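Working notes, beginning with the structure itself.
Every read-out reported here was derived from the displayed coordinates using simple, explicitly stated rules and does not represent laboratory data. Here the structure is a predicted model, which is why all the values come from computation and not from measurement. Cβ atoms come from the backbone with ideal geometry, glycine included; neighbour counts cover every protein chain shown.
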Amino acid sequence: MTAPTSSIPAFDHDELIQSHPVATLLIDRNGVLLFVNAAAEQLCNTGRSAMIGRVIHDVIAMDRGCRKRMQDPTTSALFAHRAEISVGGRRSIFVDMQMAPLGASGHRVLALQPSQSETELMGGAIGRSGRAAGAAASMLAHEIKNPLAGIKGAAQLLARKADPDGERFTSLICAEVDRITNLIDQMEHFSRGQPISCAGINLYQPIHQAMETVRARQFPGVRFAEDYDPSLPLVHGNHDAVVQILINLLTNACEVLSGWNDGVVRLTTAYRHGLSIDNGDGRGRIALPIEVSVSDNGPGVPADIRGDLFAPFVTTKRDGRGLGLALVAKLARDMGGTAQHVRDGDWTRFRVHLPASDGVTGRGG
């Protein structure tokens, strides 16, 4: 009797593990990281390139018992329920940790799954942060709109008598007033949870507007460096939201470098394979291949607030309100993306990852 032919399809195992929603890491006998998937990057708030080749305990802090067992090459299996770890400089979280051997090489696979109660707490914190930021913005909206109208009117009057250079700046003022007014209209809907309108956009149009706005402020001693991927596809996003994100990040970087010798603010774009996120909206994991990064070579963010940088009212500025980065995270999330902070050597980097526009192959640049 002939056995029936199997109808099970062949799978790309690399793609399968990369898309797996559980943070999965491969370590060798000495605890050196050899591979991490996209979920592990997200959990650790650190890019793959900054993790591979490092000892796992330098990336993920854990209790002495788990650390000792991982350092022992003879320990191939481990399971810990609600183990307390610290990742990416953030506060401690609880995970279910499971380690299993991979063949006879001595390599081990480590899976980290946020414990159910921790998952619920993380989701609640995100929701509370978004609501707090929205409430604060709504309170400010009315007081901001009135002077904005006066500023635009004055700029239009000045434009009538301005030379070409002056007209360029008055046009920029009017464009910024219109953008901020539109942003405030959106912010007034924050607490009601209404999504912002997204479409396929050329990323370099909001980049140009944001750079023009920040350069016009003439931060002394700050040099800008730009490194763009000219082949990026259109981004699924909102023009004004991207402008606001970049103005906030660029301005923060410039202010951090005030009085800093040889300060550099670097704006880069890139296409990153493999990064995806599940926003919990029923659509499953969504690829986020478009990366916009704002970096500076300043002193960096104090370690005690790195884990709460995107929470409302957290700031290092003496006269700051702590809403800028909360808004960055909110706008990125509304466009289906993410925002993250990493310290990479001498550089502080803020990365925004966004989805590509479905079915669009247009190029930026």
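The protection proxy used here, the mean number of other Cβ atoms lying within 10 Å of each residue, ranks peptides 216-225, 335-344, 242-251 as follows, highest first: 242-251, 335-344, 216-225. The modelled label-to-label distance between S86 and Q71, using points 7 Å beyond Cα along the C-beta direction, is 1.7 nm. Taking the Cβ-Cβ separation of W347 and A149 as r and a Förster radius of 30 Å, what is the calculated FRET efficiency to the nearest 0.05? About 0.15, to the nearest 0.05. Each pair of Cα atoms in region 197-296 enters the Kirkwood radius, and Stokes-Einstein at 10 °C and 1.306 mPa s then converts it into a translational diffusion coefficient of 107 µm²/s.
For R108, the shell of other residues with beta-carbons less than 9 Å away shows a net charge of 0, using +1 for Lys and Arg and -1 for Asp and Glu. Which FRET efficiency, nearest 0.05, do H20 and R168 yield, Cβ-Cβ r, R0 41 Å? Using R0 = 41 Å, I get an efficiency of 0.20. For the peptides 67-74, 293-300, 262-269, the ranking by mean Cβ contacts within 10 Å, running from highest to lowest, is 293-300, 262-269, 67-74. Taking a spot 7 Å from the Cα of A270 along the direction of its beta carbon, which residues of region 323-346 have an amide N less than 17 Å from it? Of the residues in region 323-346, 338-346 have backbone N under 17 Å from the label point off A270. Relative to its residue count, region 13-114 spans a Cα convex hull of 88 Å³ per residue.
When each of the peptides 24-34, 228-238 is scored by how many other beta carbons lie within 10 Å of its residues on average, the order from highest to lowest is 228-238, 24-34.
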